There are 4 protein chains.
Amino acid sequence: MREIGIGIIGGGYMGKAHAVAMSAVGAVFDTPLRPRLEMVAASSPESAERYRAAYGFARATDDWRALVEDPRVEAVVIAAPQETHREIAEAAFARGKPVMCEKPLGASVEDARAMVAAAEASGTANMVAFNYIRTPASQFARQLIAEGAIGEVTWFRGEHTEDFLADPETPFTWRCAGEANGTLGDLAPHMVNAALALLGPIASLSATMETVHTERPGGRVDNDDQAQLMCRFARGTMGQMHFSRIATGRKMGYAYEITGTKGAIRFDQEDQNAIHLYRAEGPEATRGFTRILTGPAHPDYLPFCQGPGHGTGYQDQIIIEARDFLRAIETGETVWPSFRDGLEVARVIETARASARDGRWRDVEKH
Amino acid sequence: MREIGIGIIGGGYMGKAHAVAMSAVGAVFDTPLRPRLEMVAASSPESAERYRAAYGFARATDDWRALVEDPRVEAVVIAAPQETHREIAEAAFARGKPVMCEKPLGASVEDARAMVAAAEASGTANMVAFNYIRTPASQFARQLIAEGAIGEVTWFRGEHTEDFLADPETPFTWRCAGEANGTLGDLAPHMVNAALALLGPIASLSATMETVHTERPGGRVDNDDQAQLMCRFARGTMGQMHFSRIATGRKMGYAYEITGTKGAIRFDQEDQNAIHLYRAEGPEATRGFTRILTGPAHPDYLPFCQGPGHGTGYQDQIIIEARDFLRAIETGETVWPSFRDGLEVARVIETARASARDGRWRDVEKH
Amino acid sequence: MREIGIGIIGGGYMGKAHAVAMSAVGAVFDTPLRPRLEMVAASSPESAERYRAAYGFARATDDWRALVEDPRVEAVVIAAPQETHREIAEAAFARGKPVMCEKPLGASVEDARAMVAAAEASGTANMVAFNYIRTPASQFARQLIAEGAIGEVTWFRGEHTEDFLADPETPFTWRCAGEANGTLGDLAPHMVNAALALLGPIASLSATMETVHTERPGGRVDNDDQAQLMCRFARGTMGQMHFSRIATGRKMGYAYEITGTKGAIRFDQEDQNAIHLYRAEGPEATRGFTRILTGPAHPDYLPFCQGPGHGTGYQDQIIIEARDFLRAIETGETVWPSFRDGLEVARVIETARASARDGRWRDVEKH
Amino acid sequence: MREIGIGIIGGGYMGKAHAVAMSAVGAVFDTPLRPRLEMVAASSPESAERYRAAYGFARATDDWRALVEDPRVEAVVIAAPQETHREIAEAAFARGKPVMCEKPLGASVEDARAMVAAAEASGTANMVAFNYIRTPASQFARQLIAEGAIGEVTWFRGEHTEDFLADPETPFTWRCAGEANGTLGDLAPHMVNAALALLGPIASLSATMETVHTERPGGRVDNDDQAQLMCRFARGTMGQMHFSRIATGRKMGYAYEITGTKGAIRFDQEDQNAIHLYRAEGPEATRGFTRILTGPAHPDYLPFCQGPGHGTGYQDQIIIEARDFLRAIETGETVWPSFRDGLEVARVIETARASARDGRWRDVEKH
């Protein structure tokens, strides 16, 4: 058991989630590396100090460079705006410090490419924080597919749908401006990452996107409310995705259906402790989708949850993430999803944007 | 109450369903017109006689022309192969006899156009038998949308997925040959019809299709196992559809999700007596999808089913269809879906085929 | 194929359902005996004539004795009030005519006993019309238990709950008066019959009942709104039941959960085309309740419904019942549930009433 | 913000959960009191030291008295075996230290009474750790009922069912011996507590219990595998409960259904982030059970979970518990469920045991 000093840049929503996770992960997973909340950085001295006190950090700063350079900060978590990801990551890697970066990797494919280069040049641990894929259910889905439990995969349907902007009267916010904050930039990466994690690379796609509500109280919306795509995975599977922030009634519509020649899988984050599995075996009379509650028999189920049915929630996903990041640091092994995996996501998003412009099928490898 | 002589061409699966429906509809709905099972036509005298005896027809014939021309046959139901639809319908309309035709309307858009012309020239009742849309649940969905219960519609997702050919070892059958028998030709029309019925015409689309299992025991498959499309409805709504006969685990995956600015609807034929409705009204704390069991408060619920929860099944859809066909004959009014509505479906299918060839978006009006 | 003249006493809700079923059953199941709607009896000449015309009977009468005695009436269906069941059945059996009687068998245990005696003395077909147990799902549950698919049964929970009197402002009707029309008399027999059909006889029980809303607009309620019981089956299994007509939100809450040492079954009539099966076999990681859609692989699935997912509804249950009654007549074999089975149900109800009076456990064999 | 030294007695499953919760609660809820993990006690020096290191306590001891008496320990959490609860609590209260005690309160009603006396004599914070009732869903159910959202409550059904001993071949463990470790002693308190929390006191009941599998590999079972009861709440509502550790297929079957004159609630811990609400208002056509995902609009939803759908899990329940215990210490107000509430649960259990002996209805107030 050895302590490791953690520095978190950003103390808002995700910064807090990471701070709590770093406090809890040692006890939960009995990790060899034990995080010490060393420093938090925020945009002003006041908010940095507030975060420090609230989350239990030793020190605070309003200068992220000071944090990155501090010798007691041995690993960096980036929970700051997308635009800052690249610069921070490059600085941390330059000092040989491991980095876990909030999704999406960078504000553009160019940024993402530079970040991968920096990470790989440094040879240190790097990871993108796609939390939703960390549920035991989604980890189990990945395992089932890899093991061939549903045979040859013939179809993928995924969606990331929420409704926080469904009402046209919801006022304009920062989310309504800038490509990176639109649905394709902000929500789609979660599900694209899931698709890549579950089925491997996407070869080509045809996409379309739209702004349904162009005017909101307080401003003109310049990014997309929803987008969709048809795609072909490199393994040959055909697929379909939909992303929306105006999907009335959907609160965490991170959902997928995967069909194979011998079975099928369905998952919906709105019922995150269950996964539905169909297997084309045994007598017809007893076939159907089985609702499996995740439990100790599944990957990443929290060790103190002794039985299925105890259940994990959002914060637990972040704790699992922290465990995996610590493991990467400790073992020196790449942990999925690495920055390179995050770049793959960014390229798919970029390809979708290009396709949406002219309505044609595009190859991802050209983007 | 007046009797009407019914002639049914085809005595197999659908012919039987229509015969049972015509026997039952009068008692069930207390219809002013009361069907009399006058004559059944089949491909051989033996099978025609067998159907006659089994279903209770007065007479049998192996010549559909004899049926169409018989003066005691006052209305014709076509439940014969797609290739015969046009010729039969034209003959019946030429004699001024009402026709209910199984889906799809014809084997091609050309056939469908000719059938619409014949129907409209005759001025008599004409109807396409898209049974699934006849559930009280789907009729209620249609009503909700028309009344604006979910506001402006912003998204449509539909699928018609089954798994009867999911196993690559399932032998080659007639379903594996010929464009009309593929997924786009045979399954897609149900869901395309639903989309048109619920949201109105489709303006443009981009589609793709594929044969996943090209070889089966007994023959080489030459039509599509699955297809998908992205579309834009004339009303402006963006949508997505998927059709498959290899969707392992799906038995009657006739399902749709429709999102609007004020609510959302979900339906799945595998739970045909329920519809899920979300409405963005009232306190946040009590919002969610409501599972509504269809009952007497909904359109077309069978009158002898006094309470919600009694439930309707497949045969009941055909009985409702028979009621609507009889009503069209009696009132002289067009009943939905007319042959013209069936032609709209055929054009969308045709457009999808064209788009799948080059991967580009296509306008339906040009097909 | 031979015709059989059917006489139905009662033309209301259930009389109509039986008339439609008798019209359809021959074509649906290709039965050797083919029903001919010979005569309907009702309480006045006018209503009898109305039913005749609406449902397609050859003749009508306002005298049930005339119907029973008519030589062209070869089998009798009793769909008249409970109080008349005994007298009609005795008259029919005295003439050697088969009888299908609506549930419950008689208005009292005494009536039921006399009806069993008459049925067995006549040696002719006799059957009680407990329709809900006729779904393919419930027939499959029965088969699974009999085959030991869930091991030794250790628990049964059943309910029959509806909400037609949930609102205290719903006016007084005939349902609010008389023991036989209360929840225990009118709703409970369905679920008690299910319990007996699935697990065999009940040995002992402790029950309680209550009238929650004693006053309604238009009158004072003198029978029970809800009742419950704990029981021990003769096979040793412990169980629990609840019956209610004030169960707000429940439309057809005919539901049961059966647990065994190797598995478990759940069913709810509000999703009548599915049954949920858990089996304690295979790896822990893939265990869960499987939602099985009923289809051709299950008992009694309608033959024209080729695939699972087509679905059956309320009317189909009555058609299956008609098929079974015809089969009993044809083969001379007892078909379940016979009048003797109906008597068993009546005795359980009677025992529950006795227990509810003093709150003690009672043996069913003493009632 | 002020620190408070926490001592936890017991470092196993529940001790760990409380330790993690105490680490996280300050950051999660921004609590005025900030826990410091001061000391952990276990049965041997080795295990105490192991827990200390793993969970991050400052000190360890194998003597719970040392912990209770230590001046830096300002609040005590009891996560040791039931038999020790009373002695520890009495010692802590004697020193004026607040106590949170794992359920059930004591090993007997006598113990529970003594613990309430000690708690109330000391005037310090006391709380029983019934975690399952802490979900936002169950807290919302409680609020709905209190506000009259479902009208006058007419029915309660609850169950706590799991399947960890469903297989008769599962070997004998400590859970198979001793009244306190049986289903009524160990599982029932959770659901009885829920019933009391939701509907208030139970006036009378009739219960039955049984050991289904009396012999297991390794020993003879002397306590109950399952139990059930019928009850009457003091408010007049009739109810039914079932408790089982042999409920094959149930992983966390902590579930209830509550019916009122104007609505109904359903909850199942196996889908802990949702609650189902029916309200008898608005048009019949849109009524049904609404599946509400818990979110920021509901009580106790974790503040860093910004949207519904993020979801809480088992550990989050313990964090909420920690928050409430800290609040009780800080404000000096009684926090539900207090030791007195825990005693009420124990009395219901005791009454059920007495009733199960002779099968008669019993008044809780006499136990």
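The values are calculated or read from the model by the stated rules, or taken from the named source; none is laboratory data. In this text the structure is predicted, and so the values were computed from the model without any measurement. Every residue, glycine among them, receives a Cβ derived from its backbone with ideal geometry; neighbour counts consider all protein chains shown. Heavy atoms of the whole protein, side chains included, go into the accessibility calculation; ligands, DNA and RNA do not. Shrake-Rupley method; radii C 1.70, N 1.55, O 1.52, S 1.80 Å.
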With the contact rule set at Cα under 8 Å and sequence spacing of 6 or more, what percent relative contact order holds for the range C:242-319?
18
Buried by partner chains in the range D:12-46 (accessible area down by at least 40 Å² vs chain alone, 1.4 Å probe, heavy atoms, protein only) are D:Tyr13, D:Lys16, D:Val20, D:Ala27
Please get the size of the charge dipole for the range D:113-169, origin at its Cα centre, with Cβ charges of +1 on Lys and Arg and -1 on Asp and Glu, quoted in debye to the nearest 20.
400
Residue of B:Tyr254, B:Tyr314, B:Tyr301 that the Gaussian network model of chain B assigns the largest fluctuation, springs spanning Cα pairs under 10 Å
B:Tyr314
Relative contact order for the range C:263-367, counting Cα pairs under 8 Å that sit 6 or more residues apart, in percent:
13
Would you tell me which residue of chain D has the beta carbon closest to the rotation axis bringing chain D onto chain A, and how many whole Å away it is?
D:Gly313, 2
The ³J(HN,Hα) series, computed from each phi in the range C:121-137 with the Karplus coefficients 6.51, -1.76 and 1.60 at θ = phi - 60°, rounded to the nearest Hz and given as x for glycine or proline, is 5, 6, x, 9, 4, 8, 7, 9, 8, 7, 5, 4, 6, 7, 5, x, 5
Rounding to the nearest 20 debye, state how big the charge dipole of the protein assembly as shown is about its Cα centre with +1 on each Lys and Arg Cβ and -1 on each Asp and Glu Cβ.
0
How much net charge surrounds B:Ser44 when only the other residues with a Cβ under 11 Å from the Cβ of B:Ser44 are counted, with Lys and Arg +1 and Asp and Glu -1?
-3
Any idea what the B:Pro32 label distances to the other copies are, label 7 Å down the Cα→Cβ vector, nm, shortest first?
4.5, 7.8, 8.6
Along Cα-to-Cβ, 7 Å out, sits the label point; list in nm, shortest first, how far the one on D:Asp167 is from those in the other copies.
2.9, 5.2, 5.2
Mind checking which lysines have their C-alpha under 17 Å from D:Lys103, skipping anything on the same chain fewer than 8 residues away?
D:Lys16
Does chain B come out rounded, prolate or oblate, given a ≥ b ≥ c as the square roots of the eigenvalues of its C-alpha gyration tensor, rounded meaning a/c under 1.5 and, failing that, prolate meaning a/b above b/c?
oblate
For the range C:245-264, which residues drop by 50 square angstrom or more in accessible area between the chain on its own and all protein chains together (1.4 Å probe)?
C:Thr248, C:Lys251, C:Thr261
Per GNM of chain C with C-alpha springs under 10 angstrom, the most fluctuating residue out of C:Asp30, C:Asp186, C:Asp225 is C:Asp30
How high is the relative contact order of the range C:2-128? Use alpha-carbon pairs under 8 Å, at least six apart in sequence, and give a whole percent.
23
Descending packing, highest mean Cβ count within 10 Å first, for B:352-359, D:226-233 is D:226-233, B:352-359
Top mean-square fluctuation among C:Gly332, C:Gly313, C:Gly295, Gaussian network model of chain C, C-alpha springs under 10 Å?
C:Gly313
Counting only other chains, what is the mean number of Cβ atoms within 10 angstrom of the Cβ of each residue in peptide B:314-326?
3
For A:Gly178, which sequence-distant residues (separation of 5 or more, or a different chain) have an amide H within less than 5 Å of its own amide H, given hydrogens modelled in the peptide plane?
A:Asp222, A:Asn223
About its Cα centre, how strong a charge dipole does chain C have in debye, to the nearest 20, once Lys and Arg get +1 and Asp and Glu get -1 at the Cβ?
540
Env charge @ B:Met14, Cβ radius under 10 Å, K,R +1 / D,E -1, value +1
Per residue, how much accessible area does the range D:1-144 show when a 1.4 Å probe rolls over the protein heavy atoms, in square angstrom?
33
Write down the accessible area per residue of the range B:186-299 in Å², having rolled a 1.4 Å probe over the full set of protein chains.
25
Label position 7 Å from Cα toward Cβ: report the copy-to-copy distances for A:Pro201 in nm, one decimal, ordered from shortest.
4.4, 7.2, 7.3
Can you list the residues, at least 5 places off or on another chain, whose amide H is less than 5 Å from the amide H of C:Arg59, using H built in the peptide plane?
C:Met39, C:Val40
Portion, in percent, of the accessible area of chain C that falls on carbon or sulfur, probe 1.4 Å
47
Furthest towards positive pole of dipole, B:Ala207, B:His160, B:Ala146, structure part the range B:88-241, Cβ charges
B:Ala146
What is the mean number of Cβ atoms from other protein chains located within 10 Å of the Cβ atom of each residue in peptide C:142-149, rounded to a whole number?
1
Given charges at Cβ of Lys, Arg, Asp, Glu: chain C dipole, positive-most of C:Ala247, C:Ala119, C:Gly7:
C:Ala119
Tell me: how much accessible area in total is hidden between C and D, 1.4 Å probe, Å², nearest 100?
3300
Averaged over its residues, how many other protein chain Cβ atoms are within 10 Å of peptide A:47-53's Cβ atoms?
1
